[in-house]
Amino acid sequence: MMDSVTTCRLAGWTLAISLLATTASAQETSEEPTPGAAEEAGEEVSETSTEEGEVAEVLSDEADVAEDPQMAEARERFRAGLTLARAGNCEGALAEFRTALDLVERPNILFNMARCHEELFRYDLAIATYERYLTVAPADAPDRPAVDATMRQLRNLLGTVVVRSNVPAEVWIGDRIVGEAPGEVMVPGGRHAIELRAAGYVPERREVEVAGRQRIEVEVSLSEAQVTNVTEITEEHTTVEVTEEGGAPPALFYTGVGLTAASLAAGLAFGAVALGNKSTAESLNPYDYDAIVAANNATADAALLADIFFITAAVLGVTTVVLYFLTDFDGDPEEHADERTFTPVVAIGPDLGAVGVQGAF
């Protein structure tokens, strides 16, 4: 495929499409419109056959098309799309082609849309648009074999990604939906960032690499989103109330206080034991070497344990102090049912002219 940034050459074959039954009838009866009538109707008088890099330009050859504003706008959009496509702006061309297609369905609009998707490497959309083109184009259109061959080539460039998910979700690549999960999606060969989106869940993204005609599997698990904002809409005004996550439970703070006190008490106890053992060692017979060694070892062990519990008490004490500032002591609604609270809200008046902060008691 050619680079869509540098060029957007849209037609690679000779395209000769008869667009209306009236045209076919006119060709059979050899009743060709005169050049003057064609110009008056606003029709394209050039041939529909194209050279390499050209596009089909005939939108309609009905003599009364100038009297139909919808057809006139469709033709104008179509020509604008051709101009953008030849300038290399396939995205802009697709926007014009889609607008023209909404106004009137014509085979050459679909054909050029498919070529734009092809140049943008959106082979799945190109195939779908070519298929729609074949349903709209005349049954005897001479380019049908070429379109079929192009579709076969494009399918060989697509890989299959089997997406497994814990909830139904949309599968996105870039700025467009390519399928649904759980399910299979067709993507062009290469590396892609596949993103799963579902209402009420946090989007998840996976990097995948797939080659043409290759089939790979990927499993994605979505997590539920946490909602913390509440919006209330009334007839009088719109009130947006922002709520914060609740703090730590008081039980956690009290547990920290208890553990700190227990560690401190244990440290004091082992400290007292260490002092007692030291006093005992000093009172022993200086010639009783074994007893003195045993007493000194007991003193060292008790002192070590005292130090450990003192350090633990210090760490727990600091943690408990931090928890004090993070604890939601007012979290029990029944205990504080009679207390008056102040809730800041942002109020937007009906005229949207004034924004203020109100206190609700």
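Residues are listed down the side, and each one gets a yes or a no for (1) under 51 Å from the mean Cα position of the chain (by Cα); (2) loosely packed, with under 14 Cβ neighbours inside 10 Å; (3) modelled with pLDDT of 90 or more:
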{"residue": "THR243", "(1), (2), (3)": "yes, yes, no"}
{"residue": "GLY247", "(1), (2), (3)": "yes, no, no"}
{"residue": "LEU252", "(1), (2), (3)": "yes, no, no"}
{"residue": "GLY256", "(1), (2), (3)": "yes, no, no"}
{"residue": "LEU264", "(1), (2), (3)": "no, no, no"}
{"residue": "GLY267", "(1), (2), (3)": "no, no, no"}
{"residue": "PHE270", "(1), (2), (3)": "no, no, no"}
{"residue": "SER279", "(1), (2), (3)": "no, yes, no"}
{"residue": "GLU282", "(1), (2), (3)": "no, yes, no"}
Residue match in the range 98-121 (condition: on the phi > 0 side of the Ramachandran plot and of a type outside the set (Val, Ile, Thr)): yes
From the options GLU91, GLU105, GLU118, GLU96, residue that is surrounded by fewer than 18 Cβ atoms within 10 Å (Cβ to Cβ), part of a helix (DSSP H, G or I) and in the same structural domain as ARG75 (by TED's automatic domain parsing): GLU91
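Okay, residues lined up against (1) surrounded by fewer than 19 Cβ atoms within 10 Å (Cβ to Cβ); (2) farther than 20 Å from PHE121 by Cβ; (3) at pLDDT below 95; (4) within 34 Å of the chain's Cα centre (by Cα):
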{"residue": "ALA56", "(1), (2), (3), (4)": "no, yes, yes, no"}
{"residue": "ASP61", "(1), (2), (3), (4)": "no, yes, yes, no"}
{"residue": "GLU73", "(1), (2), (3), (4)": "yes, yes, yes, no"}
{"residue": "PHE78", "(1), (2), (3), (4)": "no, yes, no, yes"}
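The values are calculated or read from the model by the stated rules, or taken from the named source; none is laboratory data. Just so you know, these numbers come straight off a predicted model, no measurement behind them. With ideal geometry, Cβ positions are generated from the backbone for all residues, glycine too; neighbour counts draw on all protein chains shown.
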